[in-house]
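The values are calculated or read from the model by the stated rules, or taken from the named source; none is laboratory data. Please read these numbers as outputs of a predicted model, since none were measured by experiment. Don't worry about glycine lacking a Cβ; one is built from the backbone with ideal geometry, like all the others, and counts go over all protein chains shown. SASA here: full protein model, heavy atoms, side chains in, ligands and nucleic acids out. Shrake-Rupley method; radii C 1.70, N 1.55, O 1.52, S 1.80 Å.
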Amino acid sequence: MAGDKAEKLPRKVYEKELLRLQMELVQLQEWVRAEGARLVVVFEGRDAAGKGGTIKRVTEHLNPRLARIAALPKPTERERTQWYFQRYIGHLPAAGEIVLFDRSWYNRAGVEHVMGFCSKEEYQLFLRQCPLFERMLVEDGILLRKYWFSVSDEEQQDRFRSRLEDPLRRWKLSPMDLESITRWEDYSRAKDEMMVHTDITEAPWYVVESDDKRRARLNMIAHLLDSVPYQDVSPPVPDLPERPASTGYQRPPRDLQNYVPDHAAHL
């Protein structure tokens, strides 16, 4: 049962399976590169639902030149005058690339709508245009996957409290996160409305139960791998060449260069 702390996946089981799936992700990356495929993965969900941690595990062993994260800041004044989808189009992948959207164009259906950052007309226009936009992406050959991370209000509250108490993660707790606590049902209604309009055959939504972060990460990655018809096209392992004999090179004296102090020696 999602949200039952007693049933969280054991760490050893999680780490073993995560490593296996990450090896498969490397194979997926090589297939995308070799085939010239274009893969877009959209991560959406409530604040503290586990999107960022999952993205981190997906990309941990991938080539950042081929797999990149798109996490756009709030739009500039110029971008506010553009067609809404325009600023996202520039982040779409070229052949051989994977792009993971840490939040996406669905900001308009969520935080912008709930917090009043867009007009009702802009919101309704988004709901009409989004399915058309995504159908164009898929029609052009882009592999589009959309994941909604679902977290209970109790678990979200616990995660917010944990962030507040941890100096290393306190930066993750924004005023907008705190505001979302008081607007739980508003965000629920917005999510339901979004799903009605944008859960289309060409680009369906997949819900990830995320009260158990470990289970959510494995489930999402496994589903992504199963949804893409990739094959193992890993290049052959190269031979390590022998180091040639010295030709007389001598390193300059060490006192001619600035070295980082040995901080570790004093631990």
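Rounded to the nearest 0.05, the FRET efficiency derived from the C-beta distance between L164 and E79 at R0 = 41 Å is 0.80. To the nearest 10, the accessible area of E79 is 60 Å² with a 1.4 Å probe.
Given a 1.4 angstrom probe, I'd like the percentage of the accessible area of the chain that is carbon and sulfur, rounded to a whole number. List each step's numbers first, then the result.
Values: 8890 of 16670 Å².
Percent of accessible area from carbon and sulfur atoms in the chain: 53.
Once the Cβ-Cβ distance of E179 and R20 is raised to the sixth power relative to R0 = 35 Å, the FRET efficiency obtained is 0.35. Where the centroid of each part is defined by its Cα atoms, how far is region 223-243 from region 26-83 in Å? That distance is 21 Å. Remark: for residue pairs K56/K120; K146/K172; K16/K172; K16/K146; K8/K120; K12/K146, the C-alpha separation exceeds 32 Å in K56/K120; K8/K120.
Whole number in Å², please: accessible area per residue of the chain, 1.4 Å probe, ligands, DNA and RNA not counted. Show your work: numbers first, answer last.
Values: 16670 Å² over 267 residues.
Normalised by residue count, the accessible surface of the chain is 62 Å².
Across the alpha-carbon set of the chain, the Rg to Rh ratio works out to 1.06, Rh being the Kirkwood radius. In the complete set of protein chains, residue-level accessible area for M23 is approximately 120 Å², probe 1.4 angstrom. Answer rounded, prolate or oblate for region 1-119, using the Cα gyration tensor with square roots of eigenvalues a ≥ b ≥ c: rounded when a/c is under 1.5, else prolate when a/b is larger than b/c, else oblate. Oblate shape, in that a/c is at least 1.5 and b/c is the bigger or equal ratio.
Once both labels are positioned 7 Å from their Cα atoms along Cα-to-Cβ, the gap between L125 and R254 label points is 6.5 nm.
Contact order for region 70-169, expressed relative to its length and based on alpha carbon pairs under 8 Å spaced 6+ residues apart, stands at 18 percent. If you plug the beta carbon distance of D140 and D262 into 1/(1 + (r/R0)^6) with R0 = 51 Å, you get a FRET efficiency near 0.40.
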